[in-house]
């Protein structure tokens, strides 16, 4: 148990220091765990959640085809043309990014929309910094809202056996049959409140815009495939109540269908999509499952829950607040994927044994971990990409400059979401 804990902490430290080599650090930790006897070869495959990996891989490929279809660019252009001034145009772009990131991985959402925002800022002769930061932090926020928006949401779905629709309307698992608002709505409450932060940063941009040409749409086939994927995922509970295989199979099938369709237009580009697939993140996510499985198999999670037993007498709101705000603080500096993967079993088991609402603590953990990444430029991959795009534009920003916008946004969004969540699930 001690060796497993030391290796996991060492991997976490490595992820903080070597952020661009997450997969290498994770699998180096796995190799070390095997050498030291903390992990057995036979435990590797059973620890991996193949369903989550299938959802991740399928949605990533379908998102790439969605980008190729030019539908996102066309929508962004239409929003710009219908905005009354530059500030409203930037706000419309940010709002579109937030919707897009519910269905497309956050980094992909930033890469789709950021070039449009940068081009608009360049034409208007203003700094693109506020809008690019706004794009990044809202993508992180709304990626929490749906099953396919971000890997931590997929991990929550696996742990709680939730399908796509249960992120929107959640049936209580206590046998009461009561339906409550899903995590989607609490994220939207946070988004509405944090909108005031964005309005503050865009308030001085009153310049009227000249119409811009709308990007021609190449095809709407990827859009139809994405809609079909969502509809099928909504039915997952009826086919696969244990969240074992259906979601991943559906996402991979839609991605395969999209690749077959596009191969008739440009088969070389399909091969390029395969080559440029984010294998690093897939390997990282796989490795995280293995390391957390190691902790579980060595009894670490059970021991942590036992240590937390002394806190059971505390007021539930105090415990809930500690989970949310500790997650916010930690995720501002460390990757939220291993954090959520490791902590979800802990909070679920602790809440169950303490007779507390499991959904409250699980949803609170996800909100805190995903929104906390918006505090700093290194708290989320989308932030790192956004800062890189600004650097290429000759607009490098400091840690403090990012936090000036990211911190109040995070504070507003998290506080609103977590308070309303408490009143519904306490």
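For residues that are touching a helix residue (DSSP H, G or I) at 6+ places or on another chain (Cβ under 6 Å), over 28 Å from residue 277 (Cβ atoms) and either crowded, with 23+ Cβ neighbours inside 10 Å or at pLDDT below 90 (or both), tally how many sit in the range 93-133.
3
Per-residue answers, yes or no, for (1) crowded, with 23+ Cβ neighbours inside 10 Å; (2) in contact with a helix residue (DSSP H, G or I) (Cβ under 8 Å, 6 or more places away or on another chain):
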position	(1), (2)
144	yes, yes
162	yes, yes
165	no, yes
169	no, no
179	no, no
199	no, yes
202	no, yes
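Given the conditions (1) closer than 30 Å to residue 382 by Cβ; (2) free of Cβ contacts under 8 Å to residues at least 40 places away in the same chain; (3) surrounded by fewer than 20 Cβ atoms within 10 Å (Cβ to Cβ), report the number of the one that residue 6 does not fulfil.
Failed condition: (1).
Would you check which residues across the range 168-194 are part of a strand (DSSP E or B) and either within 18 Å of residue 365 (Cα to Cα) or in contact (Cβ under 8 Å) with a residue 12 or more places away in the chain (or both) and list them?
Matches in the range 168-194: 169, 170, 180, 181.
From 352, 341, grab the single residue that is touching a residue at least 12 places away in the same chain (Cβ under 8 Å) and assigned to a helix (DSSP H, G or I). Spell out how you get there, then give the answer.
Details: 352 fails: touching a residue at least 12 places away in the same chain (Cβ under 8 Å).
Residue meeting the stated conditions: 341.
If the requirement is being assigned to a helix (DSSP H, G or I) and surrounded by fewer than 13 Cβ atoms within 10 Å (Cβ to Cβ), which of these qualifies: 285, 271, 291?
Working: 285 fails: surrounded by fewer than 13 Cβ atoms within 10 Å (Cβ to Cβ); 291 fails: surrounded by fewer than 13 Cβ atoms within 10 Å (Cβ to Cβ).
Unique residue meeting the criteria: 271.
Restricting to the range 23-54, what's the tally of residues that are part of a helix (DSSP H, G or I) and in contact (Cβ under 8 Å) with a residue 40 or more places away in the chain? Walk me through it before giving the result.
The first filter runs over the range 23-54 and keeps only residues part of a helix (DSSP H, G or I), leaving 23-35, 41-47, 50-54.
Add one more test, that the residue is in contact (Cβ under 8 Å) with a residue 40 or more places away in the chain, and what stays is 23, 26-27, 29-30, 33, 43-44, 46-47, 50-54.
Here the count works out to 15.
Considering each residue of the range 310-321, count those that are over 18 Å from residue 424 (Cα atoms) and either part of a helix (DSSP H, G or I) or touching a helix residue (DSSP H, G or I) at 6+ places or on another chain (Cβ under 8 Å) (or both), and give that number. Break it down into steps so the answer makes sense when it comes.
From the range 310-321, those over 18 Å from residue 424 (Cα atoms) are 310-314; that's our starting set.
Next cut, either part of a helix (DSSP H, G or I) or touching a helix residue (DSSP H, G or I) at 6+ places or on another chain (Cβ under 8 Å) (or both) only: 310-312.
The qualifying residues number 3.
Within the range 373-386, can one find any residue that is in a helix (DSSP H, G or I), touching a residue at least 60 places away in the same chain (Cβ under 8 Å), touching a helix residue (DSSP H, G or I) at 6+ places or on another chain (Cβ under 9 Å) and surrounded by fewer than 23 Cβ atoms within 10 Å (Cβ to Cβ)?
Yes, because at least one residue in the range 373-386 is in a helix (DSSP H, G or I), touching a residue at least 60 places away in the same chain (Cβ under 8 Å), touching a helix residue (DSSP H, G or I) at 6+ places or on another chain (Cβ under 9 Å) and surrounded by fewer than 23 Cβ atoms within 10 Å (Cβ to Cβ).
The values are calculated or read from the model by the stated rules, or taken from the named source; none is laboratory data. These figures come from a predicted structure and were not determined experimentally. In this analysis, Cβ positions are derived from the backbone assuming ideal geometry, glycine residues included, and neighbour counts consider all displayed protein chains.
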